Structures are given as C-alpha cells and as structure tokens.
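Below you'll find the structure, written out as structure tokens, and then a few comments.
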Amino acid sequence: MPHIERTSHVGWDGNLARGAGTLDAESGAFARLPFSLPSRVGAPGGKTSPEELLAAAHGGCITMSLAGELTSAGTPPGRLDTAVTIVMDEVEGQGHQIVGSRVEMVARVDGIDDDALQAAAAKAHAGCPFSQLLERAGATVTVTARLA
C-alpha cells in the first residue's frame, strides 16, 4: 500500500463549555460538520464528535479489510454492514481515554460458512491499521461477525 496522508481542518469559536466547532475534509467529502462539548458528552443533537468520527474511520478500515480477505479467499462479499462503537471512559490518573472499540459485522457472502467468516474477520482485524492503532494505545478491540 502506498504512503497515505489525509488532512482535515477544524475551526473552534469560544470557550470549551459554550463554544462550538466545525470539521472540514480537505477532500471535500464533508464540510462544516458541527461539534461541541455538549454534543460530545450528551445528546448529539445532530452534531458529531471526535469519537463518532473515529468509529466511522475504524468501521471503514476494518470493513475494507474484511472485503479484501473474503475476496482473496475467492468468496467476495455481496454486502457488508458494520457498526462500530468507540468507548471513552475515565481512567484513574489518566483522565478520559479511549478504552475500547466494539465492531459488529454482518456479511452477505455466498459460499462460506461461519468458520470461514470468523477466520476472515480475524485476518481483517489483524490487517486493519485502525484496529492495530487502537490496540497499541491500550484500547480493547472486540470484533464479532455473523452471516446475514
């Protein structure tokens, strides 16, 4: 895989408690996504958060990895649906930390059984840079996969 760099831009106005910001992708894929402390720690109210964006990034990465593993095994997926939940919690002496990522995948794949899906999901997890980054940082990553 080639060297990859991607950039996003963040603007923030005001203090932490009452301020708000926007996130923009240099690619133009998204623009002015709103976020704030209240939307981060409470009800989102139509705004995003860094944790939600990390969940999306991890989900995109591991889903592509699973598609690659299944295709390499000669059983390309018809459809993959992935839900990722990032967990942030208070860690004694360290403040708030990302402590976990729960990945739940549902695969529509012709010609495989559950054992083959589990093997492909394990390889996908091992080959996903976001899974590895989170684990190296001390977060627990759990991956479940089931056939649709």
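FYI, it's all coordinate maths here, none of it is from the lab. Nothing here was measured: the structure is a model prediction, and the numbers come from that model. Methodologically, a virtual Cβ is constructed for each residue, glycine included, from the backbone with ideal geometry; neighbour enumeration extends over all protein chains shown.
Annotations
- Principal-axis tilt of helix 50-72 within the chain, Cα atoms, nearest 10 degrees: 10 degrees
- Loop trypsin sites (Lys or Arg not before Pro), the range 29-104, which have at most 15 other Cβ atoms in a 10 Å radius of their Cβ (DSSP): 32
- Using only side-chain charges placed at the Cβ, +1 for Lys and Arg and -1 for Asp and Glu, the dipole size of the chain relative to its Cα centre rounds to 300 debye.
- Cα gyration tensor, the chain - rounded (a/c under 1.5), prolate or oblate: prolate
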